[in-house]
Amino acid sequence: MTDPALAPALTIHDLACERSERLLFKGLSFGLSASQLLLVQGGNGQGKTSLLRLLTGLGRPDAGEVRWRGESIARCRDRYHREMAYLGHANGIKDDLTPVENLRFHVALHGRLFEQAQALDTLKRLGLSRCLDLPCRALSFGQRRRVALSALLLAGASLWILDEPLTGLDVTAVALVEGLIRDHLHAGGMVVATTHQVMNLAGVDVQRLVVGPSAASPVNAAESH
Amino acid sequence: MGHFFWSVLLRDLTLAGRRRSDWLIAVFFFVMVSSLFPLGVGPEPELLKRIGPGVLWVAATLASLLSLSRLFEDDHRDGSLEQMVLSPASTVQLVLGKAAAHWLVYGIPLLLIAPVLGIQFNLPSDAIVVLVVSLLMGTPILSLLGAAGAALTLGLRGGGVLLTLLILPLYIPALIFGAGAVDGVMAGTGAEAHLSLLGAFLLVSLLVAPWIAAASLRVSLE
């Protein structure tokens, strides 16, 4: 903990969460440092999404605390949300707007300046060059997911919180997302993700966290491929 | 006002422009409800003049309620509300932006069409001017208080009905002062007193409603 760069930026302390009187998990603790990926694992209904929402600050924990660079996220909300981007089950994409208009709004949400060329590049990189001037309602589920991923990239956040980022994506898009996550981690970013699919994450520092009422312990695992 | 406020306002205006049917429904509702009264109570000029201000104000209130239940609902469903609440900018700016867009899209058309409906109720020209002024001051109140109500009932089953029951009592002061101002000018006592109270109520709504709405949004999303 002597080197501040190696100290965990996102830490949770003794976190507990209840949903309608049912305990989802308790006593959950871990720390996430730069260039690390945290894979949250657990079956359906074990509280993965609830944990992610606690991490974003949308939910409030029943016990414990989430801290960003040593300060509770409830107290440094503005600073935390500037450095954090969340992609949930819903894409947060307006059907009546075109992909570029959606990105323009998402960039403004994060308090950044919108650059048309950069947005177009990102959309093209995610394979959306043929649907730039269509309203998003004309796009398929996977294509809308790609627009949401472009918004994530343009947010310029250091911490990504991704809830099932691979659902609805085809094989090439899955490879693309794996590449994006790898690039983000190599650039010193952090990712918290849940997924039921197998991800190819060679060369990435992966932490695993199993969520559930019974066992909650972070396991260090070196990926071997 | 912050950058975020303008982004939200601009986005909601663009969305309203893409979906003009919603907007037309609210205007037609206002016209239909206020046109039913002359047909129902009969064509007596004095009676129509007597009930005109109240009927127009009640119709404006209901027309604004009609669109309010969807104020946050659509954004909640497609996940953009979460994204907006997670913005580093304050949620109060989000609420103000959405309430301002609601007023511009649903409030302003009511103001523009009100003089025509005023003639239908045989209102004198000075009363029509006061009617438009009272609606100009009153419709932002409807949007602001309505935003707080919409945020409170967000995600609840039967939220639309609950919203109506919750918000209509809060609209009563605006209704009394707004319709009272028009009555006052026709009775010769002047509209200033009522309009001042309406203005005071607008200021109170502006100072209180966005904060209530922002807090309720965070609770609804939890």
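Suppose we filter A:Leu113, A:Leu180 for residues that are part of a loop (DSSP other than H, G, I, E, B), without any contact (Cβ under 8 Å) to a residue 40 or more places away in the chain, hydrophobic (A, V, I, L, M, F, W, C) and on the phi < 0 side of the Ramachandran plot; which single one remains? Step through it out loud before you land on a result.
Details: A:Leu180 fails: part of a loop (DSSP other than H, G, I, E, B).
Step by step, each of A:Leu113, A:Leu180 is checked, and only A:Leu113 is part of a loop (DSSP other than H, G, I, E, B), without any contact (Cβ under 8 Å) to a residue 40 or more places away in the chain, hydrophobic (A, V, I, L, M, F, W, C) and on the phi < 0 side of the Ramachandran plot.
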Inset, instruction - For B:Leu156, work out the one condition from (1) assigned to a helix (DSSP H, G or I); (2) away from chain A (no Cβ under 14 Å); (3) without any contact (Cβ under 8 Å) to a residue 40 or more places away in the chain it doesn't fulfil. - result: (1)
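Could you name every one of the helices (runs of 4 or more DSSP H) located completely within the range B:20-127 that has at least 1 residues being in contact with a Pro (Cβ under 6 Å, 6 or more places away or on another chain), within 14 Å of chain A (Cβ to nearest Cβ) and under 30 Å from A:Ile73 (Cα atoms)?
Here the list reads B:91-102.
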Inset, instruction - Select from the range A:23-46 the residues that are among the hydroxyl-bearing types (Ser, Thr, Tyr) and assigned to a loop (DSSP other than H, G, I, E, B) and list them in ascending order. - result: A:Ser33, A:Ser35
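Which one of A:Ala90, A:Ala63, A:Ala108 is among the hydrophobic types (A, V, I, L, M, F, W, C), surrounded by fewer than 22 Cβ atoms within 10 Å (Cβ to Cβ), touching a Phe, Trp or Tyr at 6+ places or on another chain (Cβ under 9 Å) and modelled with pLDDT under 90? Break it down stepwise before answering.
Values: A:Ala90 fails: touching a Phe, Trp or Tyr at 6+ places or on another chain (Cβ under 9 Å); A:Ala63 fails: touching a Phe, Trp or Tyr at 6+ places or on another chain (Cβ under 9 Å).
Among A:Ala90, A:Ala63, A:Ala108, only A:Ala108 is among the hydrophobic types (A, V, I, L, M, F, W, C), surrounded by fewer than 22 Cβ atoms within 10 Å (Cβ to Cβ), touching a Phe, Trp or Tyr at 6+ places or on another chain (Cβ under 9 Å) and modelled with pLDDT under 90.
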Inset, instruction - Could you tell me which numbered condition B:Ser87 fails, if it satisfies all but one of (1) of a type outside the set (Asp, Glu); (2) modelled with pLDDT under 90; (3) surrounded by fewer than 21 Cβ atoms within 10 Å (Cβ to Cβ)? - result: (3)
Inset, instruction - Output the number of the condition that B:Thr164 fails; it satisfies all remaining conditions of (1) surrounded by 18 or more Cβ atoms within 10 Å (Cβ to Cβ); (2) under 15 Å from the mean Cα position of the chain (by Cα). - result: (1)
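Restricting to the range A:119-143, count the residues that are in a loop (DSSP other than H, G, I, E, B) and either facing chain B (nearest Cβ under 10 Å) or surrounded by 13 or more Cβ atoms within 10 Å (Cβ to Cβ) (or both). Full working, then the answer.
Within the range A:119-143, the subset in a loop (DSSP other than H, G, I, E, B) is A:126-128, A:132-135, A:139-140.
Still in the list and also either facing chain B (nearest Cβ under 10 Å) or surrounded by 13 or more Cβ atoms within 10 Å (Cβ to Cβ) (or both): A:126-128, A:132, A:134-135, A:139.
Matching residues across the range A:119-143 total 7.
Table: residues versus (1) within 14 Å of chain B (Cβ to nearest Cβ); (2) touching a Ser or Thr at 6+ places or on another chain (Cβ under 9 Å).
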position	(1), (2)
A:Gly111	yes, yes
A:Ala117	no, no
A:Ser158	yes, no
A:His184	no, yes
A:Met199	no, no
A:Gly203	no, no
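Across the range A:76-87, what is the number of residues that are more than 7 Å from chain B (Cβ to nearest Cβ) and either farther than 21 Å from A:Gly31 by Cα or surrounded by fewer than 16 Cβ atoms within 10 Å (Cβ to Cβ) (or both)?
Step one: filter the range A:76-87 for residues more than 7 Å from chain B (Cβ to nearest Cβ), giving A:76-77, A:79-80, A:83-85, A:87.
Checking the rest, the ones that are also either farther than 21 Å from A:Gly31 by Cα or surrounded by fewer than 16 Cβ atoms within 10 Å (Cβ to Cβ) (or both) come to A:79.
Result for the range A:76-87: 1.
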Inset, instruction - Might you check whether a residue that is facing chain B (nearest Cβ under 9 Å), surrounded by fewer than 20 Cβ atoms within 10 Å (Cβ to Cβ), outside any helix (DSSP H, G or I) and in contact with a helix residue (DSSP H, G or I) (Cβ under 6 Å, 6 or more places away or on another chain) occurs anywhere in the range A:95-104? - result: yes
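Every residue in the range A:141-190 that is of a type in the set (D, E, K, R) and within 19 Å of A:Arg130 (Cβ to Cβ), please.
A:Arg144, A:Arg145, A:Arg146, A:Asp170
Yes or no: A:Leu58 within 24 Å of B:Ser216 (Cβ to Cβ) and in contact with a Ser or Thr (Cβ under 7 Å, 6 or more places away or on another chain)? First the steps, then the outcome.
On the way: within 24 Å of B:Ser216 (Cβ to Cβ): yes; in contact with a Ser or Thr (Cβ under 7 Å, 6 or more places away or on another chain): no.
No; evaluated as a whole, the condition is false for this residue.
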Legend entry - Selected residue (criterion: surrounded by the most Cβ atoms within 10 Å (Cβ to Cβ)) from residues of the range A:31-60 that are more than 20 Å from B:Leu217 (Cβ to Cβ) and in contact with a Gly (Cβ under 6 Å, 6 or more places away or on another chain): A:Lys48
Inset, instruction - Check B:Thr14 against each of (1) in contact with a Pro (Cβ under 8 Å, 6 or more places away or on another chain); (2) more than 15 Å from B:Ser143 (Cα to Cα); (3) within 14 Å of another protein chain (Cβ to nearest Cβ) and name the one condition it does not meet. - result: (1)
Inset, instruction - Please indicate, with yes or no, whether at least one residue in the range A:59-75 is within 14 Å of another protein chain (Cβ to nearest Cβ) and within 19 Å of B:Val8 (Cα to Cα). - result: no
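Being among the polar types (S, T, N, Q), at pLDDT below 90 and either outside any helix (DSSP H, G or I) or within 21 Å of the chain's Cα centre (by Cα) (or both) is the filter here; which residues of the range B:168-222 pass it?
Going residue by residue through the range B:168-222, those that are among the polar types (S, T, N, Q) are B:189, B:196, B:205, B:216, B:220.
After this cut, where a residue has to be at pLDDT below 90 as well, the list is B:189, B:220.
The answer is B:Thr189, and nothing else.
The values are calculated or read from the model by the stated rules, or taken from the named source; none is laboratory data. No experiment lies behind these values; they were computed from the predicted model shown. Glycine gets a Cβ as well: all are built from the backbone with ideal geometry, and neighbour counts include every protein chain shown.
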